[in-house]
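Laboratory data are not the source of any read-out in this text; all were calculated from the coordinates shown. These numbers were taken from a predicted model, which means no experiment stands behind them. Virtual Cβ from ideal backbone geometry, glycine too; neighbours counted across all protein chains shown.
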Amino acid sequence: MSELGPSPLTAGDPQLSVAQAREAIRQVLRPITDIEPVALTHGLGRVLAADLVSPIDVPAHDNSAMDGYAFDGAALAGDGPLQLQSVGTVYAGAPFAGRVLPRQCLRIMTGAVMPAGCDTVVPQELCLADGAWVTIAAGVVRAGENRRRRGEDLARGGVALVAGRVLRPADLGLAASLGFETLTVRRRLRVALFSTGNELRAPGQSLEPGCIYDSNRYSLSAALQRLGVEVIDLGLVRDDPAALRATFERAVAEADAVLTSGGVSVGEADYTRQLLAEMGDVAFWKVAMRPGRPFAFGPLRGPGGSAWLFALPGNPVAALVTFYAFAREALLALAGARVEPLVTLSARCSTPIRKRPGRTEFQRGIVERAADGGWQVRPTGSQGAGILRSLVEANALVVLGHEQSSVAAGDAVEVWLFDALN
Ligand code: AMP
Ligand code: MG
């Protein structure tokens, strides 16, 4: 279970901007502390628990950066071509035992240890080899060139990867290059997920009149999987006090965070609020945003443990947008990750958008290459909060900030690419 910090969450239903809501969440979250070892081959996406310190110099020896001839660069002092006698060949992984004397050179392969007496490599394409003699024209190489120095990538004792790093392919390669077989990572964050609503049916069931299929559990479960957390799917829960209490109690016993959609939003049945008030310190916010105005967040406690609740609105588009706006970053922080700023795009909007200042709007958009090579974005046609197809057609969210007013065609707007949202 995560340790719950003090809650600055206010009572009532305060109106908050998106930035204020994000900040209020960020302030109270404390990352889980449990750690475990993981094999490099299973490390992708895991959160590094402590700085990874290099036990060796990288590279471990001075070595050649080129296929060519190694020699003592002091011989380059004179002008005119230099003629050297080649006394052998040295390959990567098999250091040369002898010493190379002045006026001698050694054929050397990329990565081979620099032989004693040599500090310079002339690439083979820049010299002329004739039997045992190698001629280097004046000016093609300077003393010390084409040699990689011991420890130049990373010195022994240096920090190779910082704690909180969400491990990427190159990180795992670097860890392997330092000889690590396993890494110490935070255990996976456990997130319980369920949908609420009497009208919901699971895909595969028959639909009675007035019922709809539960789609949020599938889109949100997938979004969670992309974050690398462990998803505990608690299914569909009816709008019923006993069922809700049992599910929340199980969720807080098993998970660090609970993600729900529908039912707990502002204006829903009072028993939900009463239940959440009994179990914790949940704030019901009216966030100045569209879609996704209702959003509840706070700590919950049950007989078996405690967890953070993220209660998303039920509308399918609003559920995903609020997930990206609030839950994604918060869950990464809980998982112990150093949350990097989202890489966003500035694109020219191909159509005007009416907007008044005082709320943040997330429109679904299609980002394309413009004729001039820059990026342009075109909002998808239908922007209703329940229209999931608008998300499917889109490849990005057009984010119109709190203070922003209407956008004219050709204006630059901020865009969050779905592929950047993990
Ligand atoms: P609520 O937030 O419960 O008032 O729901 C708002 C709208 O979203 C209603 O039309 C619900 O039927 C719909 N909705 C709620 N939960 C889901 C879900 N899991 N999948 C699809 N639609 C949902
Ligand atoms: Mg509902």
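Relative contact order, whole percent, for the chain stands at 17, derived from Cα pairs under 8 Å and 6 or more residues apart. Taking only the C-alpha atoms of region 1-135, Rg followed by Dmax gives 29.5, 89 Å. Entry note, region 159-268: relative contact order of 34 percent, from Cα contacts under 8 Å with a spacing of 6+ residues. The shape of region 215-254 comes out oblate: with a ≥ b ≥ c from the C-alpha gyration tensor, a/c is at least 1.5 while a/b does not beat b/c.
Highest-first packing order for the peptide set 194-200, 177-183, 312-318 is 312-318, 194-200, 177-183, based on the mean count of other beta carbon atoms within 10 Å. Estimated translational diffusion coefficient (Stokes-Einstein, Kirkwood radius over Cα pairs, 4 °C, 1.567 mPa s) of region 63-148: 106 µm² per second. Ordering M66, P81, T33 by Cα displacement along the dipole of region 32-85 toward the positive end leaves T33 in first place; charges were set at the Cβ atoms of Lys, Arg (+1) and Asp, Glu (-1). Our compactness index for region 116-230, the C-alpha radius of gyration over the empirical 2.2 N^0.38 Å, is 2.23. When region 344-421 is described by a simple charge dipole with +1 on each Lys and Arg Cβ and -1 on each Asp and Glu Cβ, the residue from A412, G374, L400 located farthest towards its positive end is L400. Rounded to the nearest Hz, the phi-derived 3J(HN,Hα) couplings of region 363-378 under the Karplus curve 6.51 cos²θ - 1.76 cosθ + 1.60 (θ = phi - 60°) are 9, 7, x, 10, 8, 9, 6, 7, 4, 7, x, x, 9, 10, 10, 10, where x marks glycine and proline. Overall, region 344-421 carries a charge dipole of about 280 debye about its Cα centre when +1 sits on the Cβ of Lys and Arg and -1 on the Cβ of Asp and Glu, all other atoms neutral.
About its Cα centre, region 63-148 has a charge dipole of approximately 220 debye under the convention of +1 per Lys or Arg Cβ and -1 per Asp or Glu Cβ, with nothing else charged. Here the contact order of region 63-148, divided by its residue count and restricted to Cα pairs under 8 Å and six or more residues apart, works out to 42 percent. Couplings 3J(HN,Hα) of region 313-325, computed from phi: x, x, 4, x, 6, 4, 4, 6, 5, 5, 4, 5, 6 Hz, in residue order, whole Hz [Karplus 6.51 cos²θ - 1.76 cosθ + 1.60, θ = phi - 60°; x for Gly and Pro]. Rounded if a/c is under 1.5, else prolate if a/b is larger than b/c, else oblate: which is region 345-391, with a ≥ b ≥ c the root eigenvalues of its Cα gyration tensor? Oblate.
Here's how it looks for L309: its modeled amide H is under 5 Å from those of V258, G298, L300, which are all 5 or more places away or on a different chain.
Taken one residue at a time, the phi angles of region 66-81 give Karplus couplings (6.51, -1.76, 1.60, θ = phi - 60°) of 9, 7, x, 10, 9, 7, 7, x, 4, 5, 7, 4, x, 9, x, x Hz. Gly and Pro are set to x.
For the chain, the convex hull spanned by the alpha carbon atoms encloses 208 Å³ per residue. Region 80-107 to region 213-252: how many Å between their Cα centroids? Centre-to-centre distance over Cα atoms comes out at 68 Å. Between the amide H of D34 and those of R187, distances stay under 5 Å, these residues lying 5 or more places away or on another chain, with hydrogens modeled in the peptide plane.
For the chain, modelled as a GNM whose springs connect Cα atoms under 10 angstrom apart, the maximal fluctuation among V47, V287, V343 occurs at V343.
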